[in-house]
Amino acid sequence: MTVKEMYGEIGGDYEDVLIRLKNDERIIKYLGFFLRDGSFEKLGRHLAQKNVEAAFREAHNLKGVSANLAFSNLTKVSSAITEMLRDGKDFEGACESYPQLSAEYKKTVEGINMMLG
Amino acid sequence: MGKILVVDDSEMNRELLKEIFEEQWEVLEAKNGREAVDILDMDAGNIEIMFLDLLMPKLSGLDVLQYMKKAKIIDKIPVVVITGESSIETDVKAYEYGAADIIYKPFSPDVVI
């Protein structure tokens, strides 16, 4: 599977990431950073512990790394959760949205791992 | 070789910035505002420019800017805020606290240069 094909599978914007990262080699380098990032796991822990401020920061981080790599679907969901957590606006809504985020995140990670072989 | 300080709790963002500058500058990295202040305490005189995220654990980017103002080093080191937060309120605060410029994430290396 090519990088472009992987982006198609996971709902990412390959053309966008190519403008910023220039070539597949660099995209693959930063996919490695994404896999190591840890924001998704920390977000889940902070939501479970009802630590709103920390959860907000991790949602914001996840939004950021997803946007860097033009993972459009994941960026959209993580952005929505970020806004729900901002100033504790809608903590319950964030928790309710977490399964959707989780599904999108897992799809993204599986796509990357399949492409990397 | 001159020094650049990159402050961001995201390893990916620190690497993106380091890649841009590492051929011509020594790139110092801080994972949060507290680490940034520690580096500034030791080496502010050698830092030519700073790239600063705002939303970080331990000490935020705005807190770092306030520290730099109190320490009278804000005029000596240009600070480029790099943020995923696009709000007028945040922008105004950053400039009031002494930021020289603001770049929004996700950024293109061409824009940073």
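Note every residue of region A:52-90 with a reduction of at least 40 square angstrom in accessible area, all protein chains present versus the isolated chain, computed with a 1.4 Å probe, or write none. Those are A:Arg57, A:His60, A:Asn61, A:Asn68, which lose 40 Å² or more relative to the chain on its own.
Our coupling estimate for region B:52-69, obtained by passing each phi through the Karplus curve with A = 6.51, B = -1.76, C = 1.60 and θ = phi - 60°, is 10, 6, 9, 8, 9, x, 6, 8, 7, x, 5, 4, 5, 4, 4, 4, 5, 5 Hz, Gly and Pro reported as x. Other residues within the sphere of radius under 12 Å centred on the Cβ of A:Thr2, judged by their own Cβ, net out at -2 (K and R +1, D and E -1). Summarising the amide proton neighbourhood of B:Ile49: residues at separation of 5 or more, or on other chains, whose placed amide H is nearer than 5 Å comprise B:Leu5.
Pairs of Lys residues in region A:17-104 that lie 8 or more places apart, or on two chains, and have C-alpha atoms under 20 angstrom apart add up to 10.
Roughly speaking, to the nearest percent, how much of region A:17-61's 1.4 Å accessible area is carbon and sulfur? Kindly include the intermediate steps, with their values, before the conclusion.
On the way: 1140 of 2160 Å².
Exposed carbon and sulfur together represent 53 percent of the surface.
For region A:1-109, what's the relative contact order in percent, using C-alpha pairs closer than 8 Å and at least 6 residues apart? It would help to have the intermediate numbers written out before the result.
Values: 112 pairs, mean separation 27.9, N = 109.
RCO, region A:1-109: 26 percent.
Partner chain Cβ atoms within 10 Å, averaged over the residues of A:13-21 - can you pull that number for me? If you can, show how the numbers build up before the last one.
On the way: counts 0, 0, 0, 1, 1, 0, 2, 7, 4.
So the per-residue partner count for this stretch is 2.
Each principal axis of the Cα cloud of chain A was taken in turn, and the coordinate range along them, longest first, works out to 39, 24, 20 Å. Geometric descriptor of region B:54-104, per residue, is 66 Å³ (volume of the convex hull of the Cα atoms). Contact order, relative form, for chain B: 24 percent (alpha carbon pairs under 8 Å, 6 or more residues apart, mean separation divided by residue count).
Using just the alpha carbons, could you tell me how many Å³ per residue the convex hull of chain B encloses? Before the final figure, lay out the partial values.
Values: hull volume 9.9 nm³, N = 113.
Spelled out: Cα convex hull of chain B, divided by residues, is 88 Å³.
Taking Cα centroids, how far is region A:25-48 from region B:1-47 in Å? A separation of 21 Å, based on Cα centres. With protein chains left intact and a 1.4 Å probe, residues in the protein assembly as shown average 49 Å² of accessible area per residue.
Its residues counted as N, region B:22-79 yields a C-alpha radius of gyration over 2.2 N^0.38 Å of 1.05.
Its Cα centre serving as origin, chain B has a Cβ charge dipole (Lys and Arg +1, Asp and Glu -1) of approximately 420 debye.
Note the buried accessible area between B and A here, summed over both chains, with a 1.4 Å probe, in Å² to the nearest 100. Don't skip to the answer; put the middle values down first.
Details: alone 6430 and 6480 Å², together 11180 Å².
When B and A are taken together, about 1700 Å² of accessible area is lost.
According to the Cα-based calculation, Rg over Rh for the protein assembly as shown is 0.98, with Rh computed by the Kirkwood formula.
Computed 3J(HN,Hα) for region A:101-117, one whole-Hz value per residue from the Karplus formula 6.51 cos²θ - 1.76 cosθ + 1.60 where θ = phi - 60°, is 4, 4, 5, 5, 5, 5, 4, 5, 5, 5, x, 4, 5, 5, 5, 6, x, glycine and proline marked x.
For region B:43-113, the tally of Lys pairs with Cα-Cα distances below 21 Å comes to 8, considering only residues 8 or more apart or on different chains.
Just the protein heavy atoms count here, and of the accessible area of region B:45-113 at 1.4 Å, carbon and sulfur take up 53 percent.
The values are calculated or read from the model by the stated rules, or taken from the named source; none is laboratory data. If you're wondering where the values come from, they're calculated on a predicted model, not measured in any experiment. Don't worry about glycine lacking a Cβ; one is built from the backbone with ideal geometry, like all the others, and counts go over all protein chains shown. Accessible surface is based on the protein model in full, side chains and every heavy atom, while ligands, DNA and RNA are left aside. Shrake-Rupley method; radii C 1.70, N 1.55, O 1.52, S 1.80 Å.
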